[in-house]
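Structure first, then comments.
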Amino acid sequence: MLIIYGAGKQGLRILYILEDYGVKVDGFLDRDKRKVGETIDSVTCFSLECEKVKNEKELKIIISPKKNSGIYRFLKTIFPKSKILYWEDIKGDYPLKISKEVDLNKIRTTYFDIRKKMYEDTRNKQ
């Protein structure tokens, strides 16, 4: 099961990029009670207490940004057997089971190009 932590703007960006490359995302994980239980762009948002997620044997959670190691430690206490992956660390050997045609380094580059463009657009508006 592949989950993205955070159903906000950052989580949606990651979802769209992964979907563009054929990666199936099984859900979001969020603390915001207003989002929990909702379907966001056809992906369900789960709570941190969700038994379905807690009982998943092969749970992978993507988190971002990497500099926020508090999220990593927080999630590890709730989901100790899960594999928590920093979005920014995507490499060719990224532990997602997807087809070999998908160039994960290209996904990472695309993601950072989008972030750079958004930053530039924000600065131009000021």
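The values are calculated or read from the model by the stated rules, or taken from the named source; none is laboratory data. Since this is a predicted model, take the numbers as computed values, not measurements. For neighbour counting, all protein chains shown are included, and Cβ atoms are generated from backbone atoms with ideal geometry for every residue, glycine included.
Exactly one of (1) under 19 Å from Y86 (Cα atoms); (2) assigned to a strand (DSSP E or B) is unmet by Y72. Its number?
If we test Y72 against (1) under 19 Å from Y86 (Cα atoms); (2) assigned to a strand (DSSP E or B), just (2) comes out false.
Does region 20-27 include one or more residues that are surrounded by fewer than 18 Cβ atoms within 10 Å (Cβ to Cβ), touching a helix residue (DSSP H, G or I) at 6+ places or on another chain (Cβ under 6 Å) and at pLDDT below 90?
yes
Looking at region 13-62 only, could you name the residues that are part of a strand (DSSP E or B) and over 16 Å from L85 (Cα atoms)?
Within region 13-62, T39, I40, V43, T44, C45, F46 qualify.
Restricting to region 41-71, name every residue that is under 13 Å from G6 (Cβ atoms), in contact with a helix residue (DSSP H, G or I) (Cβ under 7 Å, 6 or more places away or on another chain) and of a type outside the set (G, A, S).
Within region 41-71, V43, F46, L48, I61, I62, I63, P65 meet the criteria.
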